[in-house]
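Structure record follows, encoded as structure tokens.
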Amino acid sequence: MSGHGPTVPMTSHPSGPLSGTADVPGDKSISHRALILGAMAVGETRITGLLEGQDVLDTAKAMQAFGADIDRLGEGAWRVHGVGVGGFGEPGQVIDCGNSGTGVRLIMGAMATSPIAVTFSGDASLNTRPMARVTDPLSLFGARAVGRAGGRLPMTLVGAEHPVPVRYTVPVPSAQVKSAVLLAGLNAPGQTVVIEAEATRDHTERMLAGFGAEITVADSAEGRVITLTGQPDLKPQTIAVPRDPSSAAFPVCAALIVPGSNILVPGIGLNPTRAGLFETLREMGADLTYENMREEGGEPVADLRARYSPGMTGVAVPPARAASMIDEYPILSVVAANATGRTIMRGVKELRVKESDRIEAMASGLRANGVAVEDGPDWWIVTGMGAGGVPGGGLTHSHLDHRIAMSFLCLGMAAQAPVRIDDAGPIMTSFPIFEPLMAGIGAELDRTGT
Ligand code: S3P
């Protein structure tokens, strides 16, 4: 079942060469943040290149419910008239964040230091995901949360009437938790300090600075120390959202494993906190090059050229790189299945609490298509079958997880027999044009399946 629409079974057929240009949509992480910070600024923020996936649309709707005035001006072009830090009103309805962990956790942070009560809910996937990781630090500001057993949604969060600033060390590598604390710190007096042992994506820090907040980042023995001065007047911005490296990963990886392919994926954000997959692919021997490197909107950007790479070999991915490619392990495992030797992925416990248990979802689907996978609590190992060696022919389950659905569709493009997925519906959350985009470069997908 899809969170927001009908179930869409889909089959991916072994494909001829992929070629041409793949224009992937805007970055999901940056799109959420642009809407939320736009809503917390005083005046009009203009956004171009916004991802119009369901996750981000749900965040836009939430910001309207808190009082921001938001309009869509054209494709990817949005206007947000913010209410200022501390200006959120109490929504008159439940905030439905659909499938989005990022949406709900960032919005909880943003409202936790305002004296309003908000009830959050989501789809069957989101309502099983852990929220204590954000409500614990938000309670230090003075907010109170009441949810289901295990800190699950639906949940009501009552924001602090007299917030106090906090100093918090993030216990798991999570940009969502770090960002929730920073957004809560916006409406607390004094300095809020967040410490992260491992660097995670830093879009919130960059964007807060862009909106005029006083924020500093320093390296220390404990890790990255981020200090934010509360109660700033955020100045509205013009934001050009770069294209999403996590979405680019799918056409790039498909091209690496489909014989004869050669594609260009232009304008991809290559923030070092996001680019771990591309580094790993190059270590495996992928023919992947960066062309026309430049900076756009404060983020490094390049055009990616990916060519069929039959000689790839498995690698041990350094655990220290996990945070910079955490959403890309599912598609990496598909490339690993088409390489020779073993690809070892350790230090990835967080994969078990994403939109699905991604180790379990990928391991069972790869096995159903003839690939050997071993797994443990925080690791998994894929034994490669070499270029063109994946039998395919299996039925896989997307578990309401867009990245699992897209990964198995890419697997089918290079397998010996078609790969079926039970539901491509979740792809709408992050990559609504996936099907036409992949068809446009030569993939054969059809809406038949189970
Ligand atoms: C995100 C952070 C990551 C990532 C998610 C987007 C963000 O989650 O998996 O897709 O935009 O901050 P965690 O914070 O749980 O690692």
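Annotations for the structure displayed:
- Percent of Cα pairs exceeding the 23 Å cut-off, where the set is region 28-240: 38
- Unit charges at the beta carbon, dipole of region 28-240: most positive-side option, Trp78, Leu140, Ile116: Leu140
- Pairs of lysine residues in the chain - Cα separation under 21 Å, sequence separation of 8 or more or cross-chain: 5
- Label-reachable residues, region 3-31, where backbone N falls under 11 Å from a point 7 Å from Glu444's Cα toward its Cβ: 12-17
- Considering all C-alpha pairs of the chain, those separated by over 37 Å amount to 22%.
- The simple Förster model, with R0 at 25 Å and r as the Cβ-Cβ distance, assigns Glu222 and Asp136 a FRET efficiency of 0.85.
- Take the Cα of Arg342, step 7 Å toward its Cβ, do the same at Asp69, and the gap between the two points is 6.1 nm.
- Between Gly43, Gly223, Gly425, the residue with the greatest mean-square fluctuation in the GNM of the chain (Cα pairs under 10 Å linked by springs) is Gly223.
- Accessible surface calculations at 1.4 Å, restricted to protein heavy atoms, place the chain at 34 Å² per residue.
- Accessible area (Å², 1.4 Å probe, nearest 10) - Asp71: 50
- Under the Karplus curve 6.51 cos²θ - 1.76 cosθ + 1.60, θ = phi - 60°, whole-Hz ³J(HN,Hα) for region 179-187, x wherever Gly or Pro sits: 5, 4, 5, 5, 5, 5, x, 4, 9
- Carbon/sulfur fraction of accessible area - the chain, other protein chains in place, 1.4 Å, %: 52
- Each Lys or Arg adds one and each Asp or Glu takes one away; over the other residues whose Cβ falls under 12 Å from the Cβ of Arg321, this sums to -2.
- Potential extension, Arg167-Ser19 segment - 0.36 nm per residue separation minus Cα distance: 48.3 nm
- Considering helices alone, the calculated mean residue ellipticity of the chain at 222 nm is -8500 deg cm²/dmol, with DSSP H runs of length four and up weighted by -39500 (n - 2.57) and normalised per residue.
- When the Gaussian network model of the chain links Cα atoms closer than 10 Å, the mean-square fluctuations of Gly38, Gly376, Gly341 top out at Gly376.
- Segment Glu295-Leu395, length gained on full extension (0.36 nm per residue, minus Cα span): 31.8 nm
- Residue-span extension gain [Arg46 to Trp379] - 0.36 nm each, minus C-alpha spacing: 115.7 nm
- Distance between region 28-84 and region 342-412 - C-alpha centres, whole angstrom: 34
- Net charge of Cβ neighbours under 10 Å - reference Val177; Lys, Arg +1; Asp, Glu -1: +1
- Near Leu35, once Lys and Arg are set to +1 and Asp and Glu to -1 for all other residues with Cβ below 14 Å from its Cβ, the sum equals -1.
- Distance from the C-alpha centroid of region 299-316 to that of region 196-219: 28 Å, rounded to the whole angstrom.
The values are calculated or read from the model by the stated rules, or taken from the named source; none is laboratory data. These figures come from a predicted structure and were not determined experimentally. FYI the Cβ positions are ideal-geometry reconstructions off the backbone, even for glycines, and counts take in every protein chain you see. With ligands, DNA and RNA removed, areas are computed over all heavy atoms of the protein, side chains included. Shrake-Rupley method; radii C 1.70, N 1.55, O 1.52, S 1.80 Å.
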